[in-house]
Amino acid sequence: MNICILGLGYIGLPTSLLLANAGNKVLGVDINSNIVEKLNRNELPFKEPGLDELFKKAKNNFQASSSVQSSDAYIISVPTPLESEMKMADLDAVKSASSAISKVIKEGQIVILESTVPPGTSEHLILPILREKGVKNIYYAHCPERAIPGKTLHEMIHNDRIIGGLDKESTEKVKNLYSSFVQGNIFLTDTKTAEFVKLMENTFRDINIALANEFSLLAEEAHINVWEAINLANKHPRVNILKPGPGVGGHCIAIDPMFLAEKSSKARIVTLAREINSGMPVHVVKMIHKMIKDVKNPTITLLGLAYKGNVDDIRESSTFKIKRIAENEGISVKLYDPLVQNYPENSSTLEEAIKNSDCLVLITDHDAFKEIDPKKLLMRHKNLIDARNILDHNLWKKNGYQIKVLGDGTI
Ligand SMILES: NC(=O)c1ccc[n+]([C@@H]2O[C@H](COP(=O)([O-])OP(=O)(O)OC[C@H]3O[C@@H](n4cnc5c(N)ncnc54)[C@H](O)[C@@H]3O)[C@@H](O)[C@H]2O)c1
């Protein structure tokens with residue numbers, strides 16, 4: 001098949017290469033000319049395990065471009081961020097991608113939406129745009145993505161998929177296309193249910209993280225170590241409490257629940273969970289204040305810009321909120337993330353980031369941070385806040401550090 005994929009980001013590019021590797025001719029389209037040029041120079045725009053090898057293997061069947069061409073199938077994989085003022089889905093990229101397809105689509109071609117959208121978007125927004133130029137017979141399905149950065153390729157191949165088709169024929173055609181690389185089960189439904197399912201999945205995660213975060217706040221008040229308590233509670237055969245942390249980031253869990261809430265007053269737990277998780281950076285800054293209360297003109301170092309461990313994705317990361325709040329309260333902030341490139345304020349070395357620092361605050365659970373040797377650090381004051389509970393606290397204590405751990409009310 002000739003397939004045109006619109007949006008060559010964390011989801012669109014791996015999908016393009018998997019389809020190309022499965023023998024399809026893939027044209028990857030992006031409005032960002034840097035991405036297109038890089039790919040056509042045989043460079044990848046971001047890192048992801050296995051992507052480099054796949055790119056080399058799939059290259060003969062893949063080409064990047066800035067313009068959409070008429071194809072057997074189109075896949076829309078553009079961003080769907082949250083519009084910050086009204087807290088609603090910003091569907092501008094989906095609209096413009098659909099409009100670009102409408103100019104070249106012919107009868108009998110297939111359109112697949114991978115981007116996450118509020119329920120009803122396919123029916124009320126996308127399909128009318130696709131039909132704008134008079135094409136009547138379009139096969140259409142929503143096929144939401146479930147892959148996690150850091151394991152994207154493995155999960156794209158092995159996870160079960162949901163395909164929500166406009167009608168039986170559309171669903172079957174799209175199932176055949178995805179079967180070329182998906183080894184997980186493929187379950188079929190209608191478009192609106194598929195849209196809703198994707199949002200339920202991420203909302204489930206957000207609410208469960210909020211519960212863990214609330215437990216951590218309660219434990220601090222009750223002078224209990226929440227990490228030990230969660231470990232013990234999870235010995236129950238039907239309990240699986242997640243880990244607390246400094247907030248929820250990323251392009252999915254921190255955003256998608258609001259797509260469910262935007263048109264309904266019934267989404268109460270959904271919005272409360274968002275509120276709890278969005279409040280965690282404020283709590284981390286309170287911990288920082290307690291730790292450095294006697295320091296004049298303090299400087300702190302935030303370890304980690306990425307929203308989760310061992311990836312370079314900084315979207316919606318709590319680090320930025322913690323930085324902004326701390327700076328507004330008179331604290332100078334330095335940043336260090338060994339995985340993130342091309343972010344101007346990121347220090348190039350840990351040594352540079354801790355120069356004259358009064359407190360290290362671990363935000364992201366990168367494995368690399370576990371390797372830091374406290375003996376070698378030249379801090380102005382030896383203070384450490386571990387918001388992920390991943391460091392060897394005894395080792396840091398032995399080296400003279402005062403330590404606070406998010407959720408541990410015993411220290
Ligand atoms: N990243 C994830 O882990 C993940 C997981 C599941 C679902 N999703 C969903 O998949 C969708 C894509 O996410 P992503 O992480 O790949 O985003 P991304 O920001 O990494 O990539 C999107 C790309 O689309 C391009 N683009 C924007 N408008 C365009 C247009 N009109 N035509 C062509 N290209 C355009 C951008 O330049 C960008 O390169 C989103 O709806 C997201 O919610 C993402």
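Restricting the stretch 56-68 to residues that are surrounded by 13 or more Cβ atoms within 10 Å (Cβ to Cβ) and within 16 Å of the ligand (Cβ to nearest atom), the residue that is nearest to MET156 (Cα to Cα) is PHE62.
This table checks each residue for (1) touching a helix residue (DSSP H, G or I) at 6+ places or on another chain (Cβ under 7 Å); (2) over 18 Å from ASN389 (Cα atoms).
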residue: ALA267; (1), (2): yes, yes
residue: ALA273; (1), (2): yes, yes
residue: ASN310; (1), (2): yes, no
residue: ALA326; (1), (2): yes, yes
residue: LYS334; (1), (2): yes, yes
residue: TYR343; (1), (2): no, yes
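Could you check how many residues of the stretch 81-93 are in contact (Cβ under 8 Å) with a residue 60 or more places away in the chain and either crowded, with 22+ Cβ neighbours inside 10 Å or part of a strand (DSSP E or B) (or both)? Summing the residues that are in contact (Cβ under 8 Å) with a residue 60 or more places away in the chain and either crowded, with 22+ Cβ neighbours inside 10 Å or part of a strand (DSSP E or B) (or both) in the stretch 81-93 gives 3.
Scan the stretch 204-222 and give yes if some residue there is among the charged types (D, E, K, R), surrounded by fewer than 14 Cβ atoms within 10 Å (Cβ to Cβ) and more than 23 Å from the chain's Cα centre (by Cα), otherwise no.
Yes, the stretch 204-222 contains a residue that is among the charged types (D, E, K, R), surrounded by fewer than 14 Cβ atoms within 10 Å (Cβ to Cβ) and more than 23 Å from the chain's Cα centre (by Cα).
Entry remark, the stretch 271-309: residues being basic (Lys, Arg) and either over 16 Å from LEU360 (Cα atoms) or not in a helix (DSSP H, G or I) (or both) number 4 in total. Within the stretch 69-87, if we keep just the residues that are among the hydrophobic types (A, V, I, L, M, F, W, C) and modelled with pLDDT of 95 or more, the residue that is nearest to the ligand (Cβ to nearest atom) turns out to be VAL78. Say whether the condition of being of a type in the set (Ser, Thr, Tyr), touching a Ser or Thr at 6+ places or on another chain (Cβ under 8 Å) and away from the ligand (no atom under 16 Å from the Cβ) is met by at least one residue in the stretch 172-188. Within the stretch 172-188, none of the residues are of a type in the set (Ser, Thr, Tyr), touching a Ser or Thr at 6+ places or on another chain (Cβ under 8 Å) and away from the ligand (no atom under 16 Å from the Cβ).
You will find that of SER71, SER16, SER96, SER115, the residue that is small (Gly, Ala, Ser) and either in a strand (DSSP E or B) or surrounded by fewer than 17 Cβ atoms within 10 Å (Cβ to Cβ) (or both) is SER96 and no other. Here ALA326, ALA306 are screened, and the one residue that is in contact with a strand residue (DSSP E or B) (Cβ under 7 Å, 6 or more places away or on another chain), among the aliphatic types (A, V, I, L, M), within 29 Å of ALA89 (Cα to Cα) and modelled with pLDDT of 95 or more is ALA326.
Restricted to the stretch 1-55, and to residues there that are under 19 Å from ARG315 (Cα atoms) and of a type in the set (Phe, Trp, Tyr), the residue that is farthest from the ligand (Cβ to nearest atom) is PHE46. Just one of the listed residues (ILE403, ILE314, ILE390) is aliphatic (A, V, I, L, M) and not in a loop (DSSP other than H, G, I, E, B), namely ILE403.
The values are calculated or read from the model by the stated rules, or taken from the named source; none is laboratory data. Model, not experiment: these values are computed from the prediction. In this analysis, Cβ positions are derived from the backbone assuming ideal geometry, glycine residues included, and neighbour counts consider all displayed protein chains.
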